[in-house]
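Just below is one structure, and these are the notes that go with it.
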Amino acid sequence: MTIRACTIGYPLGHSLSRVIHTHWFAQYGIDGAYESHPIEPGSFEHEAARLAASYNGFSVTLPYKEKIIPFCMTLDSVAASIGAVNMVAVGRDGAMRGHNTDAYGFAENLRRNAPDLALRDSPALVLGAGGASRAVLHALKTGGVPDLVIANRSRDRADALAAHFGCRAVDWHDAVAAMRETRLLVNTTSLGMQGQPPLDLSLDALPPSATVCDIVYKPLMTPLLCAARDRGLATVTGIGMLLHQAVPAFEAWTGIRPAVDAALETLVLGQAS
Ligand code: ATR
């Protein structure tokens with residue numbers, strides 16, 4: 001039986017998820033096909049109801065991570081808490097089950113690439129309050145971070161997330177002051193991404209033991225990570241979150257838990273740059 005999977009979203013550029021899953025299909029000898037399935041916003045309702053008939057599962061990206069929820073018969077607890085679905089598995093019964101693997105991807109990236117970081121002892125500062133921030137906050141909260149602080153340009157969005165996740169919001173211009181107590185700084189804003197302005201915050205207040213993580217992976221070393229490295233701080237790039245969020249997806253669709261290895265990372269980095 002051919003495993004059929006895709007990414008839904010709009011617009012869809014070059015799909016790194018396709019690169020990842022196609023690599024695993026070949027690695028594990030699975031007869032699989034992964035495609036990009038752009039859905040124009042005007043036809044989303046019509047198209048979403050037909051996906052279960054065509055696919056064993058699919059990845060969900062912007063702007064449909066929330067819009068797909070009413071089409072899912074069940075949501076896993078993480079998707080329910082975050083309020084977003086990034087992966088759907090279609091059961092034998094044809095029912096769509098919504099999952100969120102972004103929080104897992106973020107946590108696993110940290111666990112692998114900052115092995116000395118003990119979340120339970122690490123006050124954290126998260127920059128940004130978009131969809132990606134929700135997954136990061138969920139991961140940090142469930143990881144036991146003792147003081148979780150969120151700073152966002154629009155204060156009302158930070159307040160809403162702070163109330164939802166039981167953390168603390170500060171004004172954007174107070175982010176630098178908040179760094180004094182921070183052991184983990186995470187950028188979830190789009191700043192630093194190719195084509196965007198850099199995230200221009202001084203890291204001088206961060207203690208030398210701090211780790212800086214960016215979820216932007218294009219470029220791999222963002223200006224923020226370069227500044228952190230120049231200060232001798234530990235850094236974690238964003239590519240691991242992308243790779244690891246795909247692991248539970250592949251497992252849900254095929255029954256095989258795939259490995260994130262150096263060959264895959266090199267392949268995806270080559271395609272991302
Ligand atoms: P995503 O769902 O990918 O996280 P998003 O919802 O568009 O994307 O969120 C982008 C984040 O980057 C937001 O936190 C946004 O801040 P606002 O909530 O104030 O819009 C942040 N961001 C984007 N451009 C920014 C800028 N120039 N300065 C500071 N923050 C910025």
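The values are calculated or read from the model by the stated rules, or taken from the named source; none is laboratory data. A quick note: this is a predicted structure, and the numbers were derived from the prediction, not measured. A quick note on method: Cβ atoms are made from the backbone with ideal geometry, for glycine too, and the neighbour counts reach across all protein chains shown. Just the protein is used for accessible areas: all its heavy atoms, side chains included, with ligands, DNA and RNA removed. Shrake-Rupley method; radii C 1.70, N 1.55, O 1.52, S 1.80 Å.
Structure above, values below:
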read-out	value
Estimated D of the chain in µm² per second, where Rh is the Kirkwood radius over Cα pairs and Stokes-Einstein applies at 25 °C, 0.890 mPa s	128 µm²/s
Accessible area of the chain divided out per residue, in Å², using a probe of 1.4 angstrom	45 Å²
For a label point 7 Å along the Cα-to-beta-carbon line of residue 45, residues of segment 1-30 with backbone N under 20 Å	9-10
Segment 108-155: proportion of alpha-carbon pairs further apart than 14 angstrom, %	51 percent
Centre separation in Å (Cα based) which lies between segment 1-73 and segment 113-151	29 Å
Per residue Cα convex hull volume in Å³ - calculated over segment 67-190	109 Å³
Carbon/sulfur fraction of accessible area - the chain, other protein chains in place, 1.4 Å, %	51 percent
Kirkwood-based shape ratio for segment 120-261, expressed as Rg/Rh from alpha carbons	0.98
Centroid-to-centroid separation of segment 230-246 and segment 158-212 [C-alpha atoms, Å]	15 Å
